[in-house]
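Below is one structure; the comments refer to it alone.
The values are calculated or read from the model by the stated rules, or taken from the named source; none is laboratory data. Remember, it's a predicted structure, so these values are computed and weren't measured experimentally. Don't worry about glycine lacking a Cβ; one is built from the backbone with ideal geometry, like all the others, and counts go over all protein chains shown.
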Ligand SMILES: Cc1cc2nc3c(=O)[nH]c(=O)nc-3n(C[C@H](O)[C@H](O)[C@H](O)COP(=O)(O)O)c2cc1C
């Protein structure tokens, strides 16, 4: 089904229960290619994507976010930011790494939804443990974990609960 961006944005939701169906390799490649096309400040692309598929790697990441639903994912992408490579604004030295990583992450989440896959942003994980288990070098921060897979039939689809346009948009 061909969806426009609004339809896709409405369709994507946080999937918190996955079926055990494996994700096709072409779909994983597609998600990573969409991520690679994300914009970034000064085009510095201060990111790396850890694709966790092996039982060992999955056990490690599951130890960083101990939830039953999280363990049902057949694959995880850990989106890492490189603070040594990201743009710092001259006027106030603001590090734009988080912004760049957020864009790339949402590219993946939307691409997954487009491909009939589910995902969920996870930031509430033990990042110190994750950094250690993934053996990430200095300056590289694991920022978001995206568990990805086909949604289980029992996955709860919550109604979109969003603020009203008039409460968040200001025309000046
Ligand atoms: C930056 C960020 C961090 C999040 N961290 C978590 C998390 O740690 N665990 C979780 O279950 N959901 C997490 N979420 C998912 C949000 O709860 C979810 O996107 C929000 O409730 C809206 O629901 P929807 O994604 O189904 O539209 C996170 C979302 C974002 C954008």
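Is it true that residue 63 is surrounded by 14 or more Cβ atoms within 10 Å (Cβ to Cβ), away from the ligand (no atom under 12 Å from the Cβ) and at pLDDT 95 or above? The answer is no for residue 63.
Mind listing whichever residues of segment 86-137 are assigned to a loop (DSSP other than H, G, I, E, B) and either at pLDDT below 95 or surrounded by 15 or more Cβ atoms within 10 Å (Cβ to Cβ) (or both)? Passing the criteria: 86, 87, 96, 115, 117, 120, 121, 125, 134, 136.
Number of residues in segment 1-48 that are surrounded by 15 or more Cβ atoms within 10 Å (Cβ to Cβ), within 18 Å of the chain's Cα centre (by Cα) and part of a loop (DSSP other than H, G, I, E, B): the value is 10. Could you say whether any residue in segment 148-158 is outside any loop (DSSP other than H, G, I, E, B), surrounded by 10 or more Cβ atoms within 10 Å (Cβ to Cβ), within 21 Å of the chain's Cα centre (by Cα) and more than 15 Å from the ligand (Cβ to nearest atom)? Scanning segment 148-158, I find no residue that is outside any loop (DSSP other than H, G, I, E, B), surrounded by 10 or more Cβ atoms within 10 Å (Cβ to Cβ), within 21 Å of the chain's Cα centre (by Cα) and more than 15 Å from the ligand (Cβ to nearest atom), so the answer is no. Within segment 55-88, the set of residues being over 15 Å from residue 125 (Cβ atoms) and in contact (Cβ under 8 Å) with a residue 40 or more places away in the chain comprises 72, 74, 75, 82, 83, 84, 85, 86, 87.
Residues of segment 85-112 that are under 21 Å from residue 26 (Cβ atoms) and more than 10 Å from the ligand (Cβ to nearest atom): 104, 107, 108, 110, 111, 112.
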